[in-house]
Amino acid sequence: MSTDLVVILGATSAIAQAYARRRAAAGVRFVLAGRREERLKVVAADLVTRGAASAEPLLMDLSAIGAIESAVETIHARFGPPQEIVLAYGILGEQTVLERDVAAAQAALDVNFTSAALWQLAFLKGREATQPLTTIVIGSVAGDRGRRTNFIYGAAKAGIDIFVQGLAHAYAGTPARFVLVKPGFVDTPMTAGFVKSGPLWSTPDRVATDIERAVRRGARVVYTPWFWRPIMAVIRRLPWFVFRRLKI
Ligand SMILES: NC(=O)c1ccc[n+]([C@@H]2O[C@H](COP(=O)([O-])OP(=O)(O)OC[C@H]3O[C@@H](n4cnc5c(N)ncnc54)[C@H](OP(=O)(O)O)[C@@H]3O)[C@@H](O)[C@H]2O)c1
């Protein structure tokens with residue numbers, strides 16, 4: 001019996017690295033997909049030091065939609081079917097810029113939604129019906145309600161939320177599982193331009209711990225940290241006459 005294979009799409013992400021470090025201790029094999037070769041090699045070496053059986057970089061632009069199916073075929077041919085897939089790549093983008101640059105908005109939607117959805121279809125298509133597979137998708141609380149400051153990113157994350165819900169429904173009762181992760185503010189390179197003070201800010205390690213616990217418990221959706229669930233429940237329910245005045 002071969003060791004479990006974990007494919008991380010966006011392996012240079014700070015959140016993905018924190019999660020992978022935890023999984024490495026279980027001695028799994030990794031395929032680490034991303035677009036920065038040197039960084040991927042550093043991440044791979046670190047994971048092997050921490051107990052991974054192997055860690056192989058896969059260099060590619062993960063939003064290159066036309067390359068997704070052949071990349072999945074390559075992974076299957078070289079490593080066999082994965083037991084776990086982590087979709088961690090994404091870009092935040094500058095909302096005011098994206099609103100005025102249709103090509104940039106399309107690129108952002110391709111990264112955060114279209115490609116992320118298609119990777120999942122491609123992996124599921126190549127899977128044997130009896131093969132256990134856990135897909136962990138990093139969405140965002142930004143997908144819970146459209147807001148003026150980030151609705152292009154938020155719409156992509158909302159789209160992936162519905163997509164994962166639908167897959168979970170379609171594969172209910174099978175060994176294919178889906179976990180949608182909804183972080184709030186996390187201190188990572190993605191949020192480098194933000195002022196990071198206050199109790200709402202979290203860390204990649206905290207998010208990784210919550211992901212690990214959600215997978216262990218069989219959760220389908222995890223807000224991380226937990227307090228984002230009640231916060232977003234309130235935001236979603238705010239009446240329009242209140243919501244429209246908020247500068248969020
Ligand atoms: N940080 C937050 O506050 C926060 C909150 C909610 C949700 N999230 C989500 O959490 C996930 C991980 O983000 P993070 O916070 O860990 O930020 P991060 O460290 O900046 O990671 C984002 C990763 O996405 C990769 N990436 C982006 N476009 C790519 C592409 N076309 N091809 C390959 N790789 C690509 C980046 O690669 P490069 O290094 O090559 O640029 C980077 O490794 C994302 O889905 C993000 O939307 C983050």
List the residue pairs whose Cβ atoms are under 6 Å apart, where the first residue sits in segment 137-151 and is near the ligand (Cβ under 10 Å from one of its atoms), the second is acidic (Asp, Glu), and the two are 6 or more positions apart or on different chains.
Gly139/Asp161; Gly143/Asp161
Taking the options Gly198, Gly166, Gly193, Gly184, name whichever one is at pLDDT below 95 and open to solvent by less than 70 Å² (accessible area, probe 1.4 Å).
Gly198
Filter segment 55-77 down to residues that are free of Cβ contacts under 8 Å to residues at least 40 places away in the same chain and more than 15 Å from the ligand (Cβ to nearest atom) and give me whichever is most open to solvent (accessible area, probe 1.4 Å).
Ala77
Pairs with Cβ under 8 Å, 6+ apart, first in segment 169-193 and more than 21 Å from Ile235 (Cβ to Cβ) and within 11 Å of the ligand (Cβ to nearest atom), second open to solvent by 60 Å² or more (accessible area, probe 1.4 Å) and of a type in the set (D, E, K, R)
Asp187/Lys196
Residue ID - farthest from Thr3 (Cα to Cα), chosen from residues in segment 78-105 that are open to solvent by 30 Å² or more (accessible area, probe 1.4 Å), away from the ligand (no atom under 16 Å from the Cβ) and not β-branched (Val, Ile, Thr):
Arg100
Of everything in segment 112-150 that's open to solvent by less than 20 Å² (accessible area, probe 1.4 Å), aliphatic (A, V, I, L, M) and part of a helix (DSSP H, G or I), which residue is nearest to Pro82 (Cα to Cα)?
Leu124
Taking Ala108 and the conditions (1) in a helix (DSSP H, G or I); (2) within 13 Å of the ligand (Cβ to nearest atom); (3) over 24 Å from Ile160 (Cα atoms), which numbered condition does it fall short on, given that it satisfies the others?
(3)
In segment 6-29, residue nearest to Leu87 (Cα to Cα) [restricted to those that are of a type outside the set (Gly, Ala, Ser) and away from the ligand (no atom under 15 Å from the Cβ)]
Val6
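The values are calculated or read from the model by the stated rules, or taken from the named source; none is laboratory data. Just so it is clear, the structure is predicted and the values come from calculations on it, not from any experiment. Neighbour counts are summed over all protein chains in view; Cβ atoms, including those assigned to glycine, are modelled from backbone coordinates with ideal geometry. Ligands, DNA and RNA are excluded from the accessible area calculation, which covers all protein heavy atoms including side chains. Shrake-Rupley method; radii C 1.70, N 1.55, O 1.52, S 1.80 Å.
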